[in-house]
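To keep things clear, I will list the structure first and then write my remarks on it.
Every number in this text was worked out from the coordinates using simple rules, so none of it is lab data. None of these values were measured; they are calculated from a predicted model. Note that we place each Cβ from the backbone using ideal geometry, even for glycine, and neighbour counts take in every protein chain shown.
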4 protein chains.
Amino acid sequence: MDDRLEIGGVQLDSRLFIGTGKYGDDALIPAVAEASGAQVITVALRRVDLGAPTGNVMDHIPSGMRLLPNTSGARTAEEAVRIARLARAAGCGDWIKIEVISDSRHLLPDGYETARVTEILAKEGFVVLPYMNPDLYVARTLADAGAAAVMPLGAPIGTNRGLRTKEMIAILIDDQRLPVIVDAGLGRPSQACEAMEMGAAACLVNTGIASSADPVRMARAFGDAVRAGREAFLAGAGATRTTASASSPLTGFLEARP
Amino acid sequence: MDDRLEIGGVQLDSRLFIGTGKYGDDALIPAVAEASGAQVITVALRRVDLGAPTGNVMDHIPSGMRLLPNTSGARTAEEAVRIARLARAAGCGDWIKIEVISDSRHLLPDGYETARVTEILAKEGFVVLPYMNPDLYVARTLADAGAAAVMPLGAPIGTNRGLRTKEMIAILIDDQRLPVIVDAGLGRPSQACEAMEMGAAACLVNTGIASSADPVRMARAFGDAVRAGREAFLAGAGATRTTASASSPLTGFLEARP
Amino acid sequence: MDDRLEIGGVQLDSRLFIGTGKYGDDALIPAVAEASGAQVITVALRRVDLGAPTGNVMDHIPSGMRLLPNTSGARTAEEAVRIARLARAAGCGDWIKIEVISDSRHLLPDGYETARVTEILAKEGFVVLPYMNPDLYVARTLADAGAAAVMPLGAPIGTNRGLRTKEMIAILIDDQRLPVIVDAGLGRPSQACEAMEMGAAACLVNTGIASSADPVRMARAFGDAVRAGREAFLAGAGATRTTASASSPLTGFLEARP
Amino acid sequence: MDDRLEIGGVQLDSRLFIGTGKYGDDALIPAVAEASGAQVITVALRRVDLGAPTGNVMDHIPSGMRLLPNTSGARTAEEAVRIARLARAAGCGDWIKIEVISDSRHLLPDGYETARVTEILAKEGFVVLPYMNPDLYVARTLADAGAAAVMPLGAPIGTNRGLRTKEMIAILIDDQRLPVIVDAGLGRPSQACEAMEMGAAACLVNTGIASSADPVRMARAFGDAVRAGREAFLAGAGATRTTASASSPLTGFLEARP
């Protein structure tokens, strides 16, 4: 199968991205990562003790994975820029997921500030993946600013509420040439599967896995579901009908027998 | 993984059942079956030319699969009973999916007639899997009558409308010791995935696969999705929250730095 | 407006039916009834102390309303028949809402028993309104047995979960000549409104009103919503479009000005 | 009832706003307006022939209604500002609904441009009601810029798709002190009713009424539904339960009888 997702010049076979937050024990992360099949993993830079030789979330990230540091905790463009530069300087690579959130109740991303960061960091050579509210114009602004993908939310962070913004995500997918990666809110594999069926390029799932009673098993479930949704998108779903339609002709079975 | 579904004394690894109707070309069936991973395949007995040496839908059913003949076309209990006996006499085995449908517009199953057939055939040693409207009392009656599973519909046959009867299927799952196999209406893998997340024992998908532009690929997608949904059910989904919850502490990143 | 609902030869202007259960204080009932505009009110006969001169729920039922006694508490056809006869003998009239429920967890109606009662009571001259799971064949059986209307549930009793059985209720409305009255589960006026938009003949609401912090106000809300839904059904809703459509031409405003 | 909506110092009894677009015949407008009970009506200024003595959509707007000119057709802040000023100069009053839309496929509002217009016009003394994508930060920006209300969309203009943005509208209502008026996409009264139950301050409906086969009747339906939803919000809906709950005690009816 030759269906790869390209982000920042990197070819990815897996369309599930995972996170590192909310695990009761960070030592679970390698098993979760392996079960999920994910190749990209995001980590909040503030959780990384850049100076510590050990005892760090970074110790638990499998070496083969693409690291996607994020700017969680940033409340302004300036803070996000600073975090991104620190991440790169610390050897975390040039991928960066932008989160600029100044509202602590709903944790929604600030589109205007996010666009500012994106423009600055893209010019500095970062591969910028901005977390965003699914808004057509914000997505276009981010694309113009040099984003490598857009990451609209399905529901507020950590809620497991699913694909509540479906209407607007469908519009972004219709409108954008950039990959649309659904991030936040996906609590069950069926929801990630549906996002993929709609044509999302990938899904990022953190709480949906970490809040499960069995995160490793749930990671495998999300991996399968994302693959299923992608395959279904490529296969093309049949039309939905208003009224029933028999799987085979309804007449003539017993009548036709001698 | 030791999570097998037992039906009529048979252990199944795959929880996706597939059908044989509506394929433009029956020669697609082996590839669909393989891609799906299914171990059980249903066929309308009236589509089987019992006397023909070749040119038959049966020619396309992989030999290793468990055959589930169905009584599609039966309008009364008597017709269904007759079809079931013919199937067994013709060497189709003793599994039988009961469909008794007298309404040709909505193709909904008649619970009362279905219960009658189930009782008769169970006594004759058939492994009876009745297609049904998700109704608590009908399910109990079928269980008492000796059904090996119940097969409630997600939506009318052939509609691809999804899990429209979710409320009642959840109640059957809560109430029944028998496996609850969602049958009919599942048009996209995410819908089958959701049924499995709810605790369904399996899903039967025919139109959802056959009506795809690429049935083989769609079969693989449904296989992955059903597995994902089962894994998620076993893992246990995290709670849904009303308001947002950060993946990691939101304060103190930049402030704490020297 | 000449749009009346006829049940058992009686013309009704209001398509909202109300109940008498779960009010903290039965003395609220007259104000609720007036605010709702309802002309039909159901009461569980077992709540009626047939021998008591006062202190009875019946004391609170406005005299002008059509009484619809119900057989709540009946677990078999025989019990329901006995309750119905007691109700008529006690002067409650010949309308009867059949509830036969033997499952105390989900409180779902038993279709088979309900059909038996309906047949018996219709022959005795009752105006029979059976509460039912929305099942096409059960509805037809009830119609054949002489029911004056069918009363499918929207969701289990007392849940306020809304119109969860929409798919099947639409099929009943498509199939039945009898009035289809949605009963149980409607917790908010928008849900009753939607049922009416689909072509339901009426809605019965009890918990949705009684569980509100202000039942009188909520009763008025349900009355307005049912009327709105009926009007919308008669007016005919416009088509739903996939993509946007401007309310007025989008070009040429400023350009055309000198 | 003392529940009035105040916008720009004006007290409104009706919480339904209507439009003037898409009527086959503008002569229907007075009857629609009367049936709806609306006190506010929006009109696209470009549809107004400011110089014409007759033959104008304005001729059909009832004299007692509050006029809400809108800037439909504006693609930039500058165009919207110009239209607003023209409207006021032409005697249309100082209320203005801002629409800045540069995407002609989805007709979604541009939040950034809308905020610019709002700031300019609020300073000029207009009562500014901006049409917007439901975004927390945009709403706050509009509030800071002096908007009199915010008007988030339920679905793209003219689609009749309903309250697809429910998740985000709930957040705006939770966050905002300004009235939240749901505008666009509401195709059926039940959808407007639901928006009001959630705590929306009002709804603006145009296509939902104009595309009905009987716009006058549909206008009345929307008027009733909006009132119902508001009453339900004020009354407070009862809790939703997962499992059934009897309306009255389920035991002891027949048993207790002698």
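Here B:P62 yields copy-to-copy label distances, from shortest upward, of 2.7, 6.8, 6.9 nm, the label point defined as 7 Å from Cα along Cα to C-beta. Considering only trypsin sites (Lys or Arg not before Pro) in DSSP loops that have at most 13 other Cβ atoms within 10 Å, the longest stretch of chain C without any of them is C:5-104. Normalising the Debye intensity of the protein assembly as shown to I(0), with uniform scatterers on Cα atoms only, and taking log10 at q = 0.04, 0.09 Å⁻¹ returns -0.22, -1.09. When chain A is treated as a GNM, springs tying every alpha-carbon pair under 10 Å, which of A:C203, A:C193, A:C92 comes out with the largest mean-square fluctuation? Fluctuation is largest for A:C92.
Quickly estimate the mean residue ellipticity at 222 nm for the protein assembly as shown, helices only: each DSSP H run with n ≥ 4 gives -39500 (n - 2.57), and the total goes over all residues, rounded to 500.
Details: 33 runs with 354 residues, N = 1032.
Value at 222 nm, helices only: -10500 deg cm²/dmol.
Annotation for D:T242, label-to-label distances across the other copies: 1.6, 3.8, 3.9 nm (shortest first, one decimal, point 7 Å from Cα along Cα→Cβ).
In chain D, the longest principal axis of the Cα atoms and the axis of helix D:111-123 are about 70 degrees apart. Sorted shortest first, the distances from the B:G24 label point to those of the same residue in the other copies are 4.1, 5.2, 6.5 nm; each point sits 7 Å from Cα along Cα-to-Cβ. Helix B:77-89 and the longest principal axis of the C-alpha atoms of chain B enclose an angle of approximately 80°.
Taking a straight Cα-Cα cut-off under 16 Å and skipping sequence neighbours fewer than 8 places away in the same chain, the lysines within cross-link reach of A:K166 are D:K166. Between A:E6 and A:T240, the contour length at 0.36 nm per residue exceeds the Cα-Cα span by 81.1 nm. Across the alpha-carbon set of the range C:154-200, the Rg to Rh ratio works out to 0.95, Rh being the Kirkwood radius.
Could you please tell me the mean projected area of the C-alpha convex hull for chain B, averaged over all directions and given in square nanometres to one decimal?
Projected over every direction and averaged, the Cα hull of chain B covers 17.4 nm².
Counting only DSSP beta bridges whose two residues both lie in the range A:2-102, roughly 25 percent are antiparallel. Straight-line cross-link partners of C:K97 among the lysines, defined as a Cα under 19 Å from its Cα and at least 8 positions apart when in the same chain: C:K22, C:K123. In this structure, the amide hydrogen of B:N160, modeled 1.01 Å from its nitrogen in the peptide plane, lies closer than 5 angstrom to those of A:R241, B:G185, counting only residues at least 5 positions away or on a different chain.
Annotation: the antiparallel percentage among DSSP beta bridges lying fully within the protein assembly as shown is about 10. Amide H contacts for B:I7 (H built 1.01 Å from N in the peptide plane; partners 5 or more residues away or on another chain; cut-off under 5 Å): B:L12. For chain A, with a Gaussian network of springs between Cα atoms less than 10 Å apart, report the residue from A:G238, A:G162, A:G73 with the top mean-square fluctuation. Greatest mean-square fluctuation among the candidates belongs to A:G238. In chain A, what percentage of the DSSP-assigned beta bridges are antiparallel, given to the nearest 5? Close to 10 percent. Less than 5 angstrom separates the built amide H of C:F17 from those of C:C203, C:L204, C:V205, all sequence-distant by 5 or more or on a different chain. Computed from the alpha carbon atoms alone, the convex hull of the range B:112-221 holds 94 Å³ per residue.
Axis angle, to the nearest 10 degrees, between helix A:215-235 and the longest C-alpha principal axis of chain A: 60 degrees. Residue of chain D with the smallest Cβ distance to the axis mapping D onto B, distance rounded to whole Å: D:T240, 7.
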